[in-house]
1. In segment 1-25, which residue that is at pLDDT 75 or above and assigned to a helix (DSSP H, G or I) is least open to solvent (accessible area, probe 1.4 Å)?
2. Just name the residue that is nearest to Gly37 (Cα to Cα) out of those in segment 47-61 that are assigned to a helix (DSSP H, G or I) and open to solvent by less than 40 Å² (accessible area, probe 1.4 Å).
3. Counting only residues that are aromatic (Phe, Trp, Tyr) and assigned to a helix (DSSP H, G or I), which one in segment 62-79 is nearest to Arg33 (Cα to Cα)?
Amino acid sequence: AQQPGPPLSDQEYQQFFRFLRVEHRASTACLFRKLYGCQDPLVQRLDEYENHGVVPEGPICSSLPGVPFFLDFCTFSFYRCTRKKYFIKV
């Protein structure tokens, strides 16, 4: 991660999810998120890394059809998990 705050670039995003590209790995990470929640230290570290050290607060804008925003990053992450859209970037 470079600076706190800005989201990962497309290249960094691919690198971040490289180890999760196999679907069972991504679903395992989602299961961990579901079982322990967004406040779990490991889940928080993954979220912070994905967002250059700071998990965004407040609404998360989305370009997904029918879903213009999410209340927070945790809600967005759960959406990715429940819809099995592990690698979408908003």
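1. Going through segment 1-25, the residues at pLDDT 75 or above turn out to be 9-12.
Next cut, assigned to a helix (DSSP H, G or I) only: 10-12.
Numbers: Asp10: 109, Gln11: 143, Glu12: 49 Å².
Applying the filter and picking the extreme gives Glu12.
2. Of the residues in segment 47-61, the ones assigned to a helix (DSSP H, G or I) are 47-50.
Checking which are open to solvent by less than 40 Å² (accessible area, probe 1.4 Å) leaves us with 47, 50.
On the way: Asp47: 12, Glu50: 17 Å.
So the residue we want is Asp47.
3. Here is the first cut: in segment 62-79, the ones aromatic (Phe, Trp, Tyr) are 69-70, 73, 76, 78-79.
The next check asks that each one be assigned to a helix (DSSP H, G or I); those that pass are 73, 76, 78-79.
Working: Phe73: 12, Phe76: 12, Phe78: 8, Tyr79: 11 Å.
My answer is Phe78.
The values are calculated or read from the model by the stated rules, or taken from the named source; none is laboratory data. In this text the structure is predicted, and so the values were computed from the model without any measurement. Heavy atoms of the whole protein, side chains included, go into the accessibility calculation; ligands, DNA and RNA do not. Shrake-Rupley method; radii C 1.70, N 1.55, O 1.52, S 1.80 Å.
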